[in-house]
Amino acid sequence: MATTTAAITLTSADLLTDALSLSATNTLYKAGTTIGLDQTTGMARAYLTSTSAIDLFPAIIEDGTNLRTFNGTSSWVYICNKSEDETEYITVKICEQVIGKLYAGDFLWMPWSQPADVTNAANHHGDITIAPSVATGMWVDWTCINEGTEYHTENLVIA
Amino acid sequence: MATITAQLTVNSDITDYGLAINNTMTMSKAGSTTGLERTSGVQRVHLENLNHVDLIRGGLAGSAVADMTVTGDTAGKVYIKYLEDDTSKFIRIGLGNAADGTTQTVNNGDQTFFEMGKLYGNEWMIIPWNGASNVGDITVQPSSASVTDGAAIVEYIVFYE
């Protein structure tokens with residue numbers, strides 16, 4: 001069993017009258033258990049040269065009948081915009097809805113359910129996508145630590 | 001101008017090669033190096049039923065947080081933590097509009113609410129936040145909460161422009 005720990009410290013000496021300091025640490029477990037997450041996509045680094053939105057992980061594809069294998073399981077996603085130009089950002093979406101924008105140096109750390117819904121004909125599943133603000137090239141890092149990733153069979157035809 | 005930093009550390013033996021993240025971000029306004037200067041302050045809410053509700057409302061009248069639509073290119077950040085020792089309990093974190101219904105759904109088809117993920121006991125998250133009106137609300141629904149057995153306690157803080 002693998003052990004993965006995550007910690008965050010939020011600080012500001014001048015945002016409020018008094019200093020702000022907030023810390024949290026936790027171990028990443030499989031959903032509803034105390035068994036550690038044991039799979040990962042690995043850390044990816046890409047130089048993106050298009051403003052088109054892309055899937056970061058294999059698309060959650062509707063099969064019309066069954067929920068996907070890892071629907072509802074525990075996944076943790078890290079995305080970082082490595083640009084050093086403060087005007088450049090990536091727009092992060094889930095299910096085509098904007099979560100927010102990561103400007104240069106910004107990151108996110110969030111749970112992800114890999115949600116899918118076989119009843120939704122629009123195929124609006126829980127894919128996480130990013131879209132760079134410029135096509136001149138932006139470095140982006142991302143990874144997912146989880147209970148599993150559903151990799152597509154070769155030559156998959158999407159209806 | 002304020003200086004707000006978030007330091008993330010992740011360590012894992014999940015692969016033979018290890019996996020580590022050590023990163024610090026300074027929260028700046030959109031497209032600039034000027035620091036964010038507004039905050040909701042640290043909020044703590046006690047959820048005493050299983051209803052699906054807005055935790056943080058974007059762009060709505062009466063909201064503590066001003067509208068932060070995507071067209072405004074804003075750079076808000078949200079931190080949320082589920083204060084619970086029992087790792088079998090969770091809160092479902094959604095993006096959309098809880099007013100769309102109190103029944104938990106994965107996707108109601110009109111994209112007004114969608115589940116991002118679940119925070120199990122003691123877990124936390126930090127994300128950028130668009131905060132668009134209605135479709136950008138951050139919603140929450142606990143798996144376990146009641147007046148008699150104990151509320152689901154959630155802490156959050158918003159930093160915004």
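We did not get these values from a lab; they are worked out from the coordinates using the rules stated. Only a predicted model underlies this, so the values are computations on that prediction, with no experimental measurement involved. Reconstructed Cβ throughout: ideal geometry from the backbone, glycine too, with neighbour counts over all protein chains shown.
Points worth noting:
- Gyration tensor verdict on segment A:3-89 (Cα atoms; rounded if a/c is under 1.5, prolate if a/b is larger than b/c, oblate otherwise): oblate
- Full-extension gain in nm, A:ALA7 to A:HIS152, via 0.36 nm per residue minus C-alpha separation: 48.9 nm
- When B:VAL42, B:VAL147 are sorted by how many other C-beta atoms sit within 10 angstrom of their C-beta, beginning with the fewest, the order is B:VAL147, B:VAL42.
- Modelled label positions at B:ASP86 and A:SER52, each set 7 Å beyond Cα in the direction of Cβ, lie 4.8 nm from each other.
- Each Lys and Arg adds +1 at its Cβ and each Asp and Glu adds -1 at its Cβ; summed about the Cα centre, segment A:38-146 shows a dipole of about 80 debye.
- In this structure, the pairs whose alpha-carbon distance is over 26 Å, taken from A:LYS93/B:LYS29; A:LYS93/B:LYS118; B:LYS29/B:LYS118; A:LYS101/B:LYS81, are B:LYS29/B:LYS118.
- Across segment A:38-146, the mean sequence separation of Cα contacts (distance under 8 Å, 6 or more residues apart), normalised by length, yields a relative contact order of 47 percent.
- With both labels modelled 7 Å from their Cα along Cα-to-Cβ, the B:THR24 to B:HIS46 distance reads 3.7 nm.
- Three-way shape label, segment A:38-146, alpha-carbon gyration tensor, a/c 1.5: prolate
- When chain A is described by a simple charge dipole with +1 on each Lys and Arg Cβ and -1 on each Asp and Glu Cβ, the residue from A:ALA116, A:ALA31, A:SER12 located farthest towards its positive end is A:ALA31.
- Using a Förster distance of 25 Å, the FRET efficiency for A:THR25-B:MET1 (Cβ separation, nearest 0.05): 0.25
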